Amino acid sequence: VAILIVTFSLTATGVDPLHERIRNFFIETFSDGSTIEFKDSSLTNGTLYSEYTYIPEGYELVEHTQDPRFERFVFEDSDGNQLFCTARPNDNSFSMLDTEDVEVEEITIDAVPGLYYSKDVFTQVTWSEGEYNYSVHQYVLTNQLSKDEIIRIAESRKNVY
């Protein structure tokens, strides 16, 4: 639910966007958010059905939502920190992200280009495999996971079928 709120609450305003190209991504930054477009998503073939073989100690699965258009795992620790792992079809090849005052960094998830960013209590890794976009993100009250830990979770994602 949180990712949907973030995604749909950010809209482009009348301000001309700042265009930035990061290797396999094209970022349009508006005054209140950014769109991230995946330029080459044909590197591998993903599915909408996932399994994560690594989740940090202390996190328990509290929700798994699966339908033909969206998959979401929600993990939570005893302090209420939440970790979300999502998959969705790459319908329009872009995602909305709040990148205001955030340095976006290109990373690699199992040899596939991805993006990492962190702002305040929110950290996210996003990448695309074939027809699907994936993200691992964390909302924290305490104990923010490191960049390496978030990437490790993302790299543990496997296609179920």
Can you give the extra length, in nm with one decimal, that the chain gains between Thr53 and Ser78 once fully stretched, where that is 0.36 nm per residue apart less the Cα-Cα distance? 7.0 nm
For an R0 of 30 angstrom, estimate the FRET efficiency from the Cβ-Cβ distance between Glu105 and Tyr161 and round to the nearest 0.05. 0.40
What percentages make up the Cα-Cα pair-distance distribution of region 113-161 when the bins are 5 Å wide from 0? 5, 19, 32, 21, 13, 7, 2, 0
Modelling each spin label as a point 7 Å along the Cα-to-Cβ direction, I'd like the Asp67/Glu149 distance in nm, to one decimal. 3.2
Considering amide H positions built from the backbone, and no H for Pro or chain starts, which residues 5 or more places from Tyr49, or on another chain, come under 5 Å of its amide H? Val160, Tyr161
From the phi of every residue in region 138-147, what ³J(HN,Hα) in whole Hz does the Karplus formula 6.51 cos²θ - 1.76 cosθ + 1.60 yield, where θ is phi - 60° and glycine or proline is x? 10, 9, 10, 9, 8, 6, 5, 5, 6, 4
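Values quoted throughout were computed directly from the atomic coordinates according to the rules given, and no laboratory measurement underlies them. Being a predicted model, the structure only gives us computed values, none of them experimental. Note that each Cβ is placed from the backbone with ideal geometry, even for glycine, and that neighbours are counted across all protein chains shown.
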